[in-house]
Every structure is written in C-alpha cells, then in structure tokens.
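Following: one structure in structure tokens, then a few remarks.
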Amino acid sequence: MKQTADGQRGDDGTPLRYGAIWGDGAARAADARHALRAFLGNAGRIGRAAVPSTLAVDAELATSEMVTNAIVHAPGPCGMTLELTDDELTITVWDSSTEKPAPKKVDPRRIGGHGMHLVHTVSDKVVVALRATGKLVTAHLSLASNPKAAGFAGPAVAGLFPG
C-alpha cells in the first residue's frame, strides 16, 4: 500500500487530504477504516474542529462498503482519497471496473448486496464518475447536521435485516 498525506495545515481553511493505493489483491476494508480513523483523529490535532462521532461512524460504514465493492467487483489495483473541509468529508474510492454500481432494492432475505444502499443512506450525495480504465465513487458527508444519519439508525436499517 502506498499512502500520501497533503494539506496538513488545517487551521488556514486548506482542505486536509489523504490518499492510499493498493496493488492487485492487496486492498482490505479494515485497512481503509483504520486510515479513515487516523485521518479524522489527526484533523482535531492540527486545528480542525472534531468530526461528530455519528458522522465518523457513518464515514467508516461508507468507506468499508465502498472498498469492499472495489475488492469484490473490480480486478486489479484500487485506491482511496479522503478530503476534509470545513463543511464536508468526501470519501472517494477508485477501481478498475467500468460497471456503475447502483443500490439494489432492499430485500431483507438477501445476504449481501446492501453496500451501495448503505452508502447512499449515510451520505448526503454519492457521485459515480466512469473512466476509460475504471471508475471513481465519491460519498459526500456534510459536517453540518446530517439528516441521513438520523434515518440510518432507525427504519432504514431495521428494514434490511429480519429480526
């Protein structure tokens, strides 16, 4: 895995950025979550306001699902970039597949296939950019009140799993 960190001066309004690239077969969702937690933890130490814990949990879920999709559905290398501004956290995962991911209809009897639905549920906006050699999937999570986060803990997930 190769990593980069840019814009570490967060107190002047400069976005904080982090990037990781994984070789073919080397990506792990746990590594991506760990990188996200370290990135968010470092933000407070360099002059950024702390990211609300509920948003951090949503960001971990989105990161895990997006990286898992890259691992499962795209051969070859993949990567992730994180960017934190005063208003928003963006999580971008790129991979080598040119197939556009889409949320599947919720089916509580289905095992798997809920990842993009969960990403859309916890994000304010999800953008997919297809490229000749793959795609970028970007989840935008607002640092202001996150109305989707409130829905995530309730009926959105309760309907996913029989119980």
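The values are calculated or read from the model by the stated rules, or taken from the named source; none is laboratory data. Please read these numbers as outputs of a predicted model, since none were measured by experiment. Glycine also receives a Cβ, built like all others from the backbone with ideal geometry; neighbour counts cover every protein chain displayed. Side chains included, ligands, DNA and RNA excluded: accessible areas come from the protein's heavy atoms. Shrake-Rupley method; radii C 1.70, N 1.55, O 1.52, S 1.80 Å.
Is there a residue in region 89-112 that is surrounded by fewer than 19 Cβ atoms within 10 Å (Cβ to Cβ), touching a residue at least 24 places away in the same chain (Cβ under 8 Å) and aliphatic (A, V, I, L, M)?
Yes, that holds for at least one residue.
Can V57 be described as open to solvent by less than 20 Å² (accessible area, probe 1.4 Å) and over 17 Å from P15 (Cα atoms)?
Criteria not met by V57.
Pick from T133, T121: which is at pLDDT below 95, out of contact with any strand residue (DSSP E or B) (no Cβ under 6 Å at 6 or more places or on another chain) and under 28 Å from A43 (Cα atoms)?
The unique qualifying residue is T121.
Within region 70-82, which residues are within 22 Å of A38 (Cα to Cα), open to solvent by 10 Å² or more (accessible area, probe 1.4 Å) and either basic (K, R) or in a helix (DSSP H, G or I) (or both)? Please lay out each step first, then the result.
Our first condition is that a residue be within 22 Å of A38 (Cα to Cα); within region 70-82, this holds for 70-71, 78-82.
Now narrow it down to the ones that are open to solvent by 10 Å² or more (accessible area, probe 1.4 Å): 71, 81.
Of everything in region 70-82, just one residue is within 22 Å of A38 (Cα to Cα), open to solvent by 10 Å² or more (accessible area, probe 1.4 Å) and either basic (K, R) or in a helix (DSSP H, G or I) (or both), namely I71.
Of the conditions (1) among the small types (G, A, S); (2) touching a Lys or Arg at 6+ places or on another chain (Cβ under 9 Å); (3) assigned to a loop (DSSP other than H, G, I, E, B), A49 fails just one. Which one is it?
In the conditions (1) among the small types (G, A, S); (2) touching a Lys or Arg at 6+ places or on another chain (Cβ under 9 Å); (3) assigned to a loop (DSSP other than H, G, I, E, B), A49 misses (2) alone.
Is it true that R33 is of a type outside the set (A, V, I, L, M, F, W, C) and not in a helix (DSSP H, G or I)? Reasoning before the result, please.
Numbers: of a type outside the set (A, V, I, L, M, F, W, C): yes; not in a helix (DSSP H, G or I): no.
It is false that R33 is of a type outside the set (A, V, I, L, M, F, W, C) and not in a helix (DSSP H, G or I).
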